[in-house]
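Trainee: I'd like to ask you about the structure that follows.
Since every read-out is calculated from the coordinates, none of them should be taken as a lab result. Source: prediction; values computed, not measured. Cβ sites come from the backbone with ideal geometry, for glycine too, and all protein chains shown count toward neighbours.
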Amino acid sequence: MNKKVLITGILGQDGANMAEYLLNTTDHEIYGMQRRSGSPNYDNIKAFENNPRFSLVDGDLTDSSSINRLVSGIEPDYFINFGANSFVGVSWDVPLSVFDINASGVIRCLEAIKKIKPDCRFYSAGSSEEFGDVDYSPQDLKHPVKPRSPYGASKAAARHIVKVYRESYNIYAVHSILFNHEGLRRGEEFVTRKITKKVAEIKHKIDAGEAFETLKLGNIDSKRDWSDSRDFMRGVWLMLNQDRPKDYLLASGEVHSVKDFVSSAFQNAGVPGLWSGEGLDAKFRVFEKNTPLAEVDEKWFRPAEVSLLHGDPSLAQKELGWKREISFDKMVKDMVELDLAIYAKEAKKDK
Ligand code: F7E
């Protein structure tokens, strides 16, 4: 009989990438859990929603009865939890809800597994935000937990609870630290997709001789270790298929600033420019004196910032044989090309 995999957060970037990866590389049946909301967006699952081995199921990480119902109905062999409130920036506004979904939600999943299907293997998506104001670079799994946001704290709580259930009930449960990961299914609330969408719009408007709005960003000096989400899905699946459960960290091992990302995105769109000025006066222009293409707006600053995240993926490389395949440059190029194509299509429709 085919194995069954339950994936939460199916409409998000990682849930959809994981489902697609497993549909392409295994014969498993995939159950994608969606939370019923007013206006769900199915764009991320369009490519495989009609695959006979894929089913959409309803459930909510804040509602244990729905998780129990799914685990007893499906009897999954694997339970991959990508469902989360994943935007760090809003976590100060809704900290209780963030904890309910990201930390208590993990307990609800583990309780369902413990009671109903104790041999189901569980994956919890952790975050480099658990490290926060880092003590050293690159960060490895021994780095102290020092979150700087309710989001980071919620993921750290999830990490601890996964360890407790693994050790107390002998469940195959892992929580991996995932550094930033982006790509073609990334939401626009994250800085990379916000940049590539706006770059596409600006490029089209410049070519059409139309006025454009400047790209406005928060802390452009933030440095992140960005990978492509698709590379991480292979790593997650390897973690779930070892002899013994163990936590790992996935990262590219490279660091780039938000400024670098902006320069690379404009360069890939054929609008090369340069940053000048510091702090709130920093501007990105094609030529000095021209209208800025990008600038800083305090509105996007966070109450507390994590200024640098830089991961050391050597343990996963050594023990899992995991390797990233998509470089930073290729990831930015793919995202820009997709957004240029989407903008062109939308603009045609409007005419
Ligand atoms: O911000 C700065 C912002 O929102 C990256 C999530 O997947 O990765 C992600 O969290 C940096 C921050 O991602 C804007 O202040 C500047 O320093 O794209 P982001 P994140 O907060 O790093 C971790 C590993 C996760 O686990 C999370 O779920 O960019 N930044 N200007 C901006 N950020 C945003 N969103 N918008 C701006 O305008």
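Trainee: Pick out which of PHE131, PHE212, PHE266 has the largest mean-square fluctuation in a Gaussian network model of the chain, springs linking Cα atoms closer than 10 Å.
Mentor: Maximum among the listed residues: PHE212.
Trainee: Can you tell me what share of the DSSP beta bridges in the chain is antiparallel? A percent to the nearest 5 is fine.
Mentor: The answer is about 20 percent antiparallel.
Trainee: P(r) for the range 193-351: what percent of alpha-carbon pairs falls in each 5 Å bin, starting at zero?
Mentor: It works out to 1, 8, 15, 17, 16, 14, 11, 8, 5, 3, 1, 0, 0, in whole percents.
Trainee: Among the listed pairs LYS46/LYS163; LYS223/LYS349; LYS4/LYS115; LYS205/LYS351; LYS4/LYS197; LYS46/LYS114, which are separated by more than 26 Å between their Cα atoms? Walk me through the numbers before you get to the answer.
Mentor: Details: LYS46/LYS163 35 Å; LYS223/LYS349 38 Å; LYS4/LYS115 18 Å; LYS205/LYS351 14 Å; LYS4/LYS197 36 Å; LYS46/LYS114 33 Å.
Violating the 26 Å limit, Cα to Cα: LYS46/LYS163; LYS223/LYS349; LYS4/LYS197; LYS46/LYS114.
Trainee: Just report the Cα centroid separation between the range 155-176 and the range 22-46, whole Å.
Mentor: 25 Å
Trainee: Something else: On a straight-distance basis, which aspartates and glutamates could pair with LYS348 in a cross-link, Cα separation under 16 angstrom, same-chain partners fewer than 8 positions away excluded?
Mentor: Cα-Cα hits under 16 Å: GLU201, ASP207, GLU210, ASP339.
Trainee: With Rg and the Kirkwood Rh both taken from Cα atoms, where does Rg over Rh land for the range 30-78?
Mentor: On the way: Rg = 11.7 Å, Rh = 11.9 Å.
So for the range 30-78, dividing Rg by the Kirkwood Rh gives 0.98.
Trainee: Using a Cα-Cα cut-off of under 16 Å, which lysines could be cross-linked to LYS198, ignoring same-chain neighbours fewer than 8 residues away?
Mentor: The reachable lysines, counting only those whose Cα sits under 16 Å from LYS198, are LYS216, LYS259, LYS283, LYS333, LYS345.
Trainee: Tell me whether the range 164-255 comes out rounded, prolate or oblate; compute the Cα gyration tensor, take square roots of the eigenvalues as a ≥ b ≥ c, and use a/c under 1.5 as the rounded threshold.
Mentor: Prolate, since a/c reaches 1.5 and a/b exceeds b/c.
Trainee: Now a separate question. How do SER127, SER263, SER64 rank when sorted from fewest to most other Cβ atoms within 10 Å of their own Cβ?
Mentor: SER64, SER263, SER127
Trainee: Whole percent per 10 Å bin, from 0 to the bin with the longest distance: what is P(r) over all C-alpha pairs of the range 32-178?
Mentor: Going out from 0 Å in 10 Å bins, the range 32-178 shows 11, 37, 35, 15, 1 percent.
Trainee: Using Cβ counts within 10 Å as a stand-in for footprinting exposure, how do HIS143, HIS181, HIS28 rank, fewest first?
Mentor: HIS28, HIS143, HIS181
Trainee: Could you list the square roots of 5 times each eigenvalue of the Cα gyration tensor of the chain, that is, the equivalent ellipsoid semi-axes, sorted largest first and rounded to whole Å?
Mentor: Gyration-tensor ellipsoid for the chain: 36, 23, 18 Å.
Trainee: Taking loop as defined by DSSP and a crowding limit of 13 other beta carbons within 10 Å, which GluC sites (Glu not before Pro) in the range 209-294 fit?
Mentor: Sites meeting the loop and neighbour criteria: GLU210, GLU213, GLU278, GLU288.
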